[in-house]
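Enquirer: The structure follows.
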Amino acid sequence: MSPSVLSVDTVSRWYGNVVAVNDVTMTIGPGITGLLGPNGAGKSTLIGMLAGFLAPSAGSVTLDGVTVWKNPDVYRTIGLVPEREAAYDFLTGWQFVLANAELHGLSDPGAAAKRALATVEMEFAQGRKVGEYSKGMRQRVKMASALVHDPAVLLLDEPFNGMDPRQRLHLMDLLRQMGADGRTVLFSSHILEEVEQLAQQIEVMVAGRHAASGDFREIRRLMTDRPHQYVIRSSDDRGLASALIADGSTAGVQLDDSVLSVEAVSFLRFTELLPRVARDAGIRLYEVSPTDESLESVFSYLVKS
């Protein structure tokens, strides 16, 4: 399978006065790329444009140098698993996947449908109607539909939603194998740990903008280097606050209702400083709790920076 590359060049997409994607540029090559961002970040809109189902309001999306929009030929190369339900409830799983194989004009649609359903371990339920499936089963039958024509590019929008742990592990293994085979795999998620487990490259979307890019170590470093908020309980909060202010490595210290809140400029320096300052001042530390470790807080920091 020849490698395929998706290129996004200064792409924007707006709906009336609402800007969903704003001036995004990125390149997605063979292997697994994670599109990370909170809900409403523009991930689904971007995937829609990558798949050729949405027109960019500005900029261009190309697959191996060829424009994706209004180019039905790219559908032979791209497989899409949308976040929204895209299966007819009155069809059986077999009928749904077979119909997609026939729409692609495959020489043996039955064999292709059988192979795709086996790949996602859905043979046991292929005779049941899609409307009777659980959320996780619906995700897997959509995956089978996307794989039925053996695409070189696979786009998945929140593919792990509704899956139980075993199903998630199986899909992760499947995607890893596809990435190792040289396919171009892009999946979106709002869960950092999910992306870290799979993606060699991470693209971060925040409020419609491309906020960061790199492997998971670079993204983790970006998270670590930002200011961090802590709540501290000690035997002498006032004395500890004074000692921390004197050192100058904190951006802010606040003592309110016997609660000491600290904003650390450097994570690494603060983790070394705090126990040393407390020891030198003869202060016991009872609790040191981060208050801003959620992914949303990281995204907020990226937007501000």
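The values are calculated or read from the model by the stated rules, or taken from the named source; none is laboratory data. Keep in mind the model is a prediction, meaning the values are calculated, not measured. Here Cβ is always computed from backbone atoms with ideal geometry, including for glycine, and neighbour counts include all displayed protein chains.
Enquirer: Looking at this structure, is T25 modelled with pLDDT of 95 or more and within 20 Å of P82 (Cα to Cα)?
Expert: When the stated conditions are applied, T25 does not pass them.
Enquirer: For the range 174-202, what are the residues that are buried (at least 21 other Cβ atoms within 10 Å of the Cβ) and among the β-branched types (V, I, T)?
Expert: Those that are buried (at least 21 other Cβ atoms within 10 Å of the Cβ) and among the β-branched types (V, I, T): T184, V185, V195, I202.
Enquirer: Quickly run through the range 245-275 and pick out the residues that are in a strand (DSSP E or B), surrounded by fewer than 15 Cβ atoms within 10 Å (Cβ to Cβ) and among the small types (G, A, S).
Expert: Answer for the range 245-275, where residues must be in a strand (DSSP E or B), surrounded by fewer than 15 Cβ atoms within 10 Å (Cβ to Cβ) and among the small types (G, A, S): A251, G252.
Conditions tested, residue by residue: (1) outside any loop (DSSP other than H, G, I, E, B); (2) among the aliphatic types (A, V, I, L, M); (3) under 30 Å from L91 (Cα atoms).
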| position | (1), (2), (3) |
| --- | --- |
| R140 | yes, no, yes |
| N161 | no, no, yes |
| H170 | yes, no, yes |
| D173 | yes, no, yes |
| E194 | yes, no, no |
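Enquirer: Could you pull out the residue among Y75, Y88 that is aromatic (F, W, Y), under 17 Å from V153 (Cα atoms), surrounded by 13 or more Cβ atoms within 10 Å (Cβ to Cβ) and at pLDDT below 95?
Expert: Only one candidate qualifies: Y75.
Enquirer: Quickly run through the range 276-292 and pick out the residues that are within 39 Å of the chain's Cα centre (by Cα), surrounded by 15 or more Cβ atoms within 10 Å (Cβ to Cβ) and among the β-branched types (V, I, T).
Expert: V288 - this is the single residue of the range 276-292 that is within 39 Å of the chain's Cα centre (by Cα), surrounded by 15 or more Cβ atoms within 10 Å (Cβ to Cβ) and among the β-branched types (V, I, T).
Enquirer: Can you say whether S145 is among the polar types (S, T, N, Q), under 21 Å from the mean Cα position of the chain (by Cα), buried (at least 20 other Cβ atoms within 10 Å of the Cβ) and assigned by TED's automatic domain parsing to the domain that holds G34, as far as the supplied structure shows?
Expert: No: the conditions fail for S145.
Enquirer: Quickly run through the range 9-49 and pick out the residues that are buried (at least 22 other Cβ atoms within 10 Å of the Cβ) and touching a helix residue (DSSP H, G or I) at 6+ places or on another chain (Cβ under 7 Å).
Expert: V11, R13, V21, V24, I32, G34, L35, L36, G37
Enquirer: In this structure, is W94 surrounded by fewer than 16 Cβ atoms within 10 Å (Cβ to Cβ) and either of a type in the set (A, V, I, L, M, F, W, C) or without any contact (Cβ under 8 Å) to a residue 12 or more places away in the chain (or both)?
Expert: no
Enquirer: Select from the range 1-21 the residues that are polar (S, T, N, Q), more than 19 Å from T62 (Cβ to Cβ) and in a strand (DSSP E or B) and list them in ascending order.
Expert: none
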